[in-house]
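So the structure is just underneath, and the comments pick up after that.
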Amino acid sequence: MSEAEFELHAVVDEDGFVALVCPDTYSGYVSEDWTLDQVLATFVEQMNTGALFAVYLGPDLANASLRISDTPSTAAARREVSGLIRVGEGGLWLTDYTQLTMAAQFSDTAPYAAHHVRMPAPSGVYHVTLRQFASSYEDELDPAAELVIRHSEIGAICPRLNAVPWFE
């Protein structure tokens, strides 16, 4: 395994989501009176176009530690899910559920806020994998999850999603 070119540390958002967004292509506006089903359907649509990668780890991992790197750790994951994301000039941002729902409600709201983190990913196609290690805080694992972002081939294909991963 090669040494990581980047490693960042963040947390799972307060709602239990991990989300990466490409603002150049993300189209998340739904309506001022959106429903949860509409927002989740929009998330799936945007993930299938490569503008978003979102996974729900749940309330037991809200605010838990999150490692972000281009190289996976050697720890065994309880579960993992992957997708493709297409990064443009606007970059790739770690965002949160609250900001995505604000963008769903207001057409002039960006899918990320100034306090969010821009990932070190220049324009291109990336294979993203979320690896979950802990099931709750009681597991006392650090990190509780990791996000692996690796440059991918332009023609790479990932299976289409029918739902936000692990949202039950």
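No value in this document is a laboratory result; all are computed from the given coordinates. Keep in mind it's a predicted model, so treat the numbers as computed, not measured. For neighbour counting, all protein chains shown are included, and Cβ atoms are generated from backbone atoms with ideal geometry for every residue, glycine included.
Considering Cα pairs under 8 angstrom that are at least six residues apart, work out the relative contact order of the chain and quote it in whole percent. Write down the numbers at each step before the final one.
Values: 379 pairs, mean separation 52.5, N = 168.
This gives 31 percent for the chain.
Would you mind pulling out the separation of the Cα centroids of the stretch 1-77 and the stretch 91-156, in Å?
A separation of 4 Å, based on Cα centres.
Please name which of A145, L161, V125 has its Cα lying farthest along the dipole of the stretch 115-168 towards the positive end, using unit charges on Cβ (Lys, Arg +1; Asp, Glu -1) and the Cα centre as origin.
Selected residue: V125.
Given points 7 Å out from each Cα along the Cα-Cβ axis, report the D108 to R79 separation in nanometres with one decimal.
Each label point is offset 7 Å from its Cα along the Cβ direction, giving 4.1 nm.
In nanometres, what is the gap between the two model label sites at W166 and V117, each 7 Å from Cα along Cα-to-Cβ?
Computed distance between label sites W166 and V117 equals 1.7 nm.
With θ taken as phi - 60° and the coefficients 6.51, -1.76 and 1.60, list the Karplus ³J(HN,Hα) couplings across the stretch 93-101 in order, rounded to whole Hz; mark glycine and proline as x.
Once θ is set to phi - 60°, the couplings for the stretch 93-101 become 10, 7, 10, 9, 4, 4, 5, 5, 6 Hz.
Using the Cα centre of the chain as the reference point, and only Cβ charges (+1 on K/R, -1 on D/E), how large is the resulting charge dipole? Debye, rounded to the nearest 20.
It comes to approximately 520 debye.
So what's the stretch 36-112 giving for Rg/Rh, alpha carbon basis, Kirkwood Rh from the mean inverse pair distance?
Here the Rg-to-Rh quotient is 0.97.
Under the rule of at least 5 residues apart or a separate chain, name every residue whose amide H is placed under 5 Å from the amide H of L92.
Under 5 Å from the amide H of L92: M119, A121.
How about the stretch 50-155: which trypsin sites (Lys or Arg not before Pro) there are in a DSSP loop, with at most 16 other Cβ atoms within 10 Å of their Cβ?
Counting only loop positions with at most 16 other Cβ atoms within 10 Å, the trypsin sites (Lys or Arg not before Pro) in the stretch 50-155 are R78.
What percent of all Cα-Cα pairs in the stretch 5-75 falls into each 5 Å bin, going from 0 up to the bin containing the maximum distance?
3, 15, 18, 21, 23, 12, 5, 2, 1
For Q38, project a label point 7 Å along Cα to C-beta. Then give me every residue of the stretch 5-23 with its amide nitrogen under 16 Å of that point.
none
What whole-number value in cubic angstrom gives the convex hull volume per residue for the C-alpha atoms of the chain?
110
Considering only V11, A64, P111, whose Cα is most displaced toward the positive end of the charge dipole of the chain, charges sitting on Cβ of Lys, Arg (+1) and Asp, Glu (-1)?
Ranked along the dipole, the leading option is P111.
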